[in-house]
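Report on the structure given below.
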Amino acid sequence: MDFAGKVALVTGSSGIGAAAAVRLASGGASVLVCGIDPAANAALDRLASERGLALRTRLTDVSDEAEVEAAVAECAELGGGIDIVVNSAAVHPYGTVVTTAAADWARCMAVNVGSIYLTGRFAIPHMIRRGGGAIVNVSSVQGHNCQPNVAAYVATKGAIHALTRAMALDHAGDKVRVNSVSPGSVRTPILSLAARTYGGEGVSEEEAFARFGAAHPLGRIGEPEEVAEMIAYLASDKAGFVTGADFLIDGGLHAGLAVR
Ligand SMILES: NC(=O)c1ccc[n+]([C@@H]2O[C@H](COP(=O)([O-])OP(=O)(O)OC[C@H]3O[C@@H](n4cnc5c(N)ncnc54)[C@H](O)[C@@H]3O)[C@@H](O)[C@H]2O)c1
């Protein structure tokens, strides 16, 4: 996919966000990545400089309106506008509605869903001035079906599916396409958190990942670069007739029933 001359804003500077940013920049895009984790930002900046990519990070809390407004303005300066937004930043609190603190619930909504509202609010006018654009929201299989004990997280992932449709319809006439991807288990820091939470005493991360992978019909977890390829397709002009849709990338997880 050719992204020469395109300008992209990506949220989340590790895992899938980092892989998507590298994929877009490798295709020729100028990319600004908004991340809240200084270490992840520094690692991605190092990688970009080693590979000679037009990619840099910006320390940003994507749930903060003023910070997102400033980030979008900075991104637009990279190339006179914005063509692509990839919303990958998320937090993943564990808990039921009874055990999730109100502050954690609100934070999860603000980061996982609010950031999509904010990047859209400030970036879509730039896209309209360019004659169109593409937004890819990273949801999850958990927006379709869910595990126990992740009430806030799954609520945000279902909301992302609904918001994706709403944004797609509202801006189809502007030629701004909006889609989402719903990954199964993918090797990233969020999955490391799942391994620590559910892996069990004395179980290594790789052993926990192997167990998660075995639950997927393809028998393994996914890699962030695999999700980045799907994001790149949806962000590219090749997906010109695709909008308002969600795409599973889950190793067959949703094709089956857990009852055997
Ligand atoms: N890894 C998986 O198994 C999996 C499965 C389904 C969906 N997802 C989704 O993929 C997306 C990316 O997650 P990942 O797996 O790459 O994990 P990750 O933890 O590497 O990525 C999430 C990123 O969001 C950043 N972030 C959190 N709060 C932020 C804020 N307020 N401002 C800016 N950045 C913030 C984190 O610092 C982190 O870099 C998320 O939306 C996640 O829900 C992941």
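The values are calculated or read from the model by the stated rules, or taken from the named source; none is laboratory data. The shown structure was predicted, so the numbers you read here are calculated from the model rather than taken from an experiment. Please note: Cβ atoms are built from the backbone with ideal geometry, for glycine as well, and neighbour counts cover all protein chains shown. To get the accessible areas, we keep the full protein, side chains included, count just its heavy atoms, and leave off ligands, DNA and RNA. Shrake-Rupley method; radii C 1.70, N 1.55, O 1.52, S 1.80 Å.
Principal-axis analysis of the Cα atoms of the chain puts helix 115-130 at an angle of about 30° to the longest axis. Rounded to the nearest 20, the Cβ-based charge dipole of the chain about its Cα centre (Lys and Arg +1, Asp and Glu -1) stands at 460 debye. Its DSSP H runs of at least 4 residues, each contributing -39,500 (n - 2.57), put the calculated 222 nm mean residue ellipticity of the chain at -14000 deg cm²/dmol, to the nearest 500. Mind grabbing the base-10 log of I(q)/I(0) for the chain at q = 0.10, 0.11, 0.13 Å⁻¹? Debye formula, identical points on the C-alpha positions, no solvent, two decimal places. For the chain at q = 0.10, 0.11, 0.13 Å⁻¹, log10 I(q)/I(0) is -0.46, -0.56, -0.79.
Distant-in-sequence amide contacts of GLY244, defined by a placed amide H-H separation under 5 Å and a gap of 5 or more residues or a different chain, comprise VAL178, ASN179.
So what is the relative contact order of segment 119-201, in percent, for Cα pairs below 8 Å that sit 6 or more residues apart? Could you put the intermediate results ahead of the total?
On the way: 82 pairs, mean separation 30.6, N = 83.
Across segment 119-201, relative contact order equals 37 percent.
Using alpha-carbon pairs under 8 Å, 6+ residues apart, how would you state the relative contact order of segment 30-100 in percent?
Working: 64 pairs, mean separation 21.0, N = 71.
30 percent.
Rounded to a whole number, what % of the accessible area of the chain do carbon and sulfur atoms account for, probe 1.4 Å? All intermediate terms of the calculation are to be shown ahead of the outcome.
On the way: 6740 of 11770 Å².
Carbon and sulfur together cover 57 percent of it.
Rounded if a/c is under 1.5, else prolate if a/b is larger than b/c, else oblate: which is segment 1-71, with a ≥ b ≥ c the root eigenvalues of its Cα gyration tensor? Taking the square roots of the gyration eigenvalues as a ≥ b ≥ c, segment 1-71 is oblate. For segment 225-260 versus segment 36-95, the inter-centroid distance based on Cα atoms is 23 Å. Running a GNM on the chain with Cα contacts under 10 Å, which residue among GLU223, GLU207, GLU69 ends up with the highest mean-square fluctuation? Maximum fluctuation in the GNM of the chain, among the listed residues, is at GLU207. The mean sequence distance of close C-alpha pairs (under 8 Å, at least 6 residues apart), as a share of the length of the chain, puts its relative contact order at 20 percent. Once the Cα atoms are used to define both axes, helix 189-198 deviates from the longest principal axis of the chain by about 20 degrees.
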